[in-house]
Amino acid sequence: MAIAISDIVATTIQSRTRTIADNVTKNNALLAKLDSRGNVKTVSGGSSIFQELSWAENANASWYSGYDLLPVAAQDVITAAQFEFKQAACAVTVSGLDQLKNAGKEQMIDLVEGRINVAESTMANLVSGGLYSDGTGAGGKQLEGLNKAIPIAPTGTTYGGIAQTDYTGWKNYANDLLATNLTAALIQGYFNTAWANLVRGVDRPDLIVVDGNVWQAYMASLQAQQRFMGTETAKLGFPTIKFMDADVVLDGGIGGFCPVSTAFFLNTKYLFLRPHSARNFVPLAPGKRYAINQDADVTILAWAGNLTCSGRQFQGRLDFNG
């Protein structure tokens, strides 16, 4: 009996859509943290992605006595940062020869599952790498990641369509340091300074993502102390240690994407992954794509969205590359 391989690939991806999205999320500590906070929020449409943020305080707040008139003027205190949709895709291809060799239904399903697994892990790495980008990669088509949201030199930058010069609160903390400053003797002091610049009441960093060099220096600074593992993030598969009450997570080592000698201090309350609801790791036009000049069937696994931020001033970084 002939097997419609395009239908098998498409329906297999469709049945695994949520699983694929989950696995991509769990591939990265930041995405796992955003998912646990409920900050992976789909977008249903529109020409771009809007992320609402508090622009100013309500000037109607005031002290009064007795019969004083209370200010009730309309207040424009909410605005929105605007982000473009970025798209990613990975084709799952099965040649006619593969179909002939895997004629049995079970064999064909095994072949498809294997290739979808590869596509899934490839997309996970693609998105994870994009989380650290400045959005200029691939001719400006790449995800706008942490290098865009939390640049080394934030003064005068524009992010989400908002110029930092127009809104002083739209500026991240950054400390550009020399490579010689990355030592066990100094790292705690730089962490303390970054922390102090990012705390507002109960708002504070809850995730610190570091590369291998920063991880080693910070670990060495703790050698004589008891280390604590963050149980919540550890349950997601990421070994962690603590700074204050924030999880410190290594995204270095084999296949790590964090920029070299860098630490990102993140308040994930104000960070969001905003995938389009119709492009959240789903087959693109299922059953309708065939190679015109080849004996092969193609199904495309697609994603569209962006990383957004509603509180840039609560995000920071240390860079030891000066």
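Can you list the strands (runs of 3 or more DSSP E) found entirely within the range 234-282 that contain at least 3 residues being more than 14 Å from LEU318 (Cβ to Cβ)? Spell out the reasoning first.
Details: elements: 240-243, 246-250, 262-266.
Fully inside the range 234-282 and qualifying: 240-243, 246-250.
Being of a type in the set (Ser, Thr, Tyr) and modelled with pLDDT under 90 is the filter; apply it to the range 110-154 and report the residue that is surrounded by the fewest Cβ atoms within 10 Å (Cβ to Cβ). Ranking the qualifying residues of the range 110-154, first place goes to THR122.
Restricted to the range 199-217, and to residues there that are surrounded by 19 or more Cβ atoms within 10 Å (Cβ to Cβ) and of a type outside the set (Val, Ile, Thr), the residue that is nearest to the chain's Cα centre (by Cα) is LEU207. ALA196 meets the conditions (1) exposed (fewer than 14 other Cβ atoms within 10 Å of the Cβ); (2) within 21 Å of ASN28 (Cα to Cα); (3) of a type in the set (Gly, Ala, Ser) in every case but one. The failed one is (2).
When you go through ALA10, ALA21, ALA61, ALA32 one by one, which is the residue that is out of contact with any strand residue (DSSP E or B) (no Cβ under 7 Å at 6 or more places or on another chain), of a type outside the set (Ser, Thr, Tyr) and at pLDDT below 80? Talk me through it step by step, then tell me what you get.
On the way: ALA10 fails: out of contact with any strand residue (DSSP E or B) (no Cβ under 7 Å at 6 or more places or on another chain); ALA21 fails: out of contact with any strand residue (DSSP E or B) (no Cβ under 7 Å at 6 or more places or on another chain); ALA32 fails: at pLDDT below 80.
The unique qualifying residue is ALA61.
The numbered conditions (1) at pLDDT 75 or above; (2) touching a Leu at 6+ places or on another chain (Cβ under 9 Å); (3) not hydroxyl-bearing (Ser, Thr, Tyr) are all true for ASN280 except (2).
Among residues belonging to the range 161-179 that are more than 21 Å from the chain's Cα centre (by Cα) and under 28 Å from PRO239 (Cβ atoms), point out the one that is surrounded by the most Cβ atoms within 10 Å (Cβ to Cβ). I'd like the intermediate steps shown before the answer.
We begin by selecting, within the range 161-179, every residue more than 21 Å from the chain's Cα centre (by Cα); these are 163-169, 175-179.
Add one more test, that the residue is under 28 Å from PRO239 (Cβ atoms), and what stays is 175, 177, 179.
On the way: ASN175: 18, LEU177: 16, ALA179: 12.
Looking at residues that are more than 21 Å from the chain's Cα centre (by Cα) and under 28 Å from PRO239 (Cβ atoms), I get ASN175.
The values are calculated or read from the model by the stated rules, or taken from the named source; none is laboratory data. The structure displayed is predicted, hence computed values, not measured ones. Using ideal geometry, Cβ is built from the backbone for each residue, glycine included, and neighbour counts are taken over all protein chains shown.
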